[in-house]
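First the structure, in the form of structure tokens, and then the observations on it.
The values are calculated or read from the model by the stated rules, or taken from the named source; none is laboratory data. On a predicted model such as this, the values are computed, not experimentally measured, just so you know. Neighbour counts run over all protein chains shown; Cβ positions are idealised from the backbone, glycine included. Ligands, DNA and RNA are excluded from the accessible area calculation, which covers all protein heavy atoms including side chains. Shrake-Rupley method; radii C 1.70, N 1.55, O 1.52, S 1.80 Å.
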Amino acid sequence: MNHSSNEKEPETIEPLRYLSKTEVATIETELLRDYRFGQQQLIEIWGHACAIAVTKAFPLSSLSKKQPTLLVVCGPEQNGSIGLVCARHLRMFEYEPTIFYPKRSSQSLHQDFTVQCEKMDIPFLSYLPTEVQLLNDAYNLVIDAIMGPETEHKEVKEPYAGMLVTLKQVKIPIVSVDVPSGWDVDEPAKDGINPEVLISLTAPKKCATGFSGNHFLAGRFLPYDIQKKFELNLPEFPGTECVIEL
């Protein structure tokens, strides 16, 4: 019996999957090992997508200060490098980033990203003012690229513990990369910083289930087989967008 085209079965849309810390690590390992993505390539894809998300959440024309200044705070591991790439692209998009990167990684890969920022004449702060008002006055927003899913949030040491205390008090918006610093990847926040915008990389993490701010997803580069294997149920990205607001 022929069904006419207007009697299609309604498609059930599976809910977007929120990943645990272990799943995040597994997917990244498969991308690197089986799909031959390079670590530098992934960091570049993510950092570029983060910069695009920032331009969507805070277009140049919407910034309240005369100068389009932003502060990008980078941690010692991969999330910090994603922050460096994000800062470089934002510079290309006519923003004026300043980077605070207190503990520079000894890995040559991470050092390459640092040099790229220096060559773009992006200033690096030597210390983070604890006087919160200075930050509120100097910058339109802060990008938190301190701790990613790879960081043990229970063991936050200095200088990061002090930085989190400062960032919890700023009045300007915070944009967090992948996981808001101080949050446990696997459960919604008890006491980390409170970002206005979250940019989830690849797929959202379990901690983001209760996130009530603006939530962007940067995951369009993922091979279809991986999407299927992990049942990620990613949303349709419109047109050529690499970032979507959830």
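How many residues does the range 192-241 hold that are farther than 22 Å from Glu152 by Cα, in contact with a helix residue (DSSP H, G or I) (Cβ under 9 Å, 6 or more places away or on another chain), without any contact (Cβ under 8 Å) to a residue 60 or more places away in the chain and polar (S, T, N, Q)? Within the range 192-241, residues that are farther than 22 Å from Glu152 by Cα, in contact with a helix residue (DSSP H, G or I) (Cβ under 9 Å, 6 or more places away or on another chain), without any contact (Cβ under 8 Å) to a residue 60 or more places away in the chain and polar (S, T, N, Q) number 0. Among the criteria (1) crowded, with 20+ Cβ neighbours inside 10 Å; (2) within 19 Å of Asp121 (Cα to Cα); (3) in contact (Cβ under 8 Å) with a residue 40 or more places away in the chain, the one Val54 does not fulfil is (2).
Take Gly192 and decide whether it is on the phi > 0 side of the Ramachandran plot and surrounded by 14 or more Cβ atoms within 10 Å (Cβ to Cβ). No.
Taking the numbered list (1) among the hydrophobic types (A, V, I, L, M, F, W, C); (2) in contact with a Leu (Cβ under 7 Å, 6 or more places away or on another chain); (3) more than 19 Å from Thr22 (Cα to Cα) in turn, Phe221 passes all entries but (2). Among the residues that make up the range 51-74, is at least one of them part of a helix (DSSP H, G or I), touching a His at 6+ places or on another chain (Cβ under 9 Å) and over 14 Å from Leu141 (Cα atoms)? So far as the range 51-74 goes, yes, one or more of its residues are part of a helix (DSSP H, G or I), touching a His at 6+ places or on another chain (Cβ under 9 Å) and over 14 Å from Leu141 (Cα atoms).
Screening Asp144, Asp112 for residues that are acidic (Asp, Glu), part of a helix (DSSP H, G or I) and either open to solvent by 60 Å² or more (accessible area, probe 1.4 Å) or touching a residue at least 60 places away in the same chain (Cβ under 8 Å) (or both) leaves exactly one candidate, Asp112. Scanning the range 115-141 for residues that are out of contact with any Ser or Thr (no Cβ under 6 Å at 6 or more places or on another chain), open to solvent by 80 Å² or more (accessible area, probe 1.4 Å) and either polar (S, T, N, Q) or under 24 Å from Glu28 (Cα atoms) (or both) yields a count of 2. Looking only at the range 207-219, count every residue that is under 19 Å from Pro149 (Cβ atoms) and either surrounded by fewer than 16 Cβ atoms within 10 Å (Cβ to Cβ) or aliphatic (A, V, I, L, M) (or both) and tell me the total. Number of matching residues: 5.
As for the range 165-186, it holds at least one residue that is in contact with a Cys (Cβ under 7 Å, 6 or more places away or on another chain), assigned to a loop (DSSP other than H, G, I, E, B) and more than 27 Å from His48 (Cβ to Cβ).
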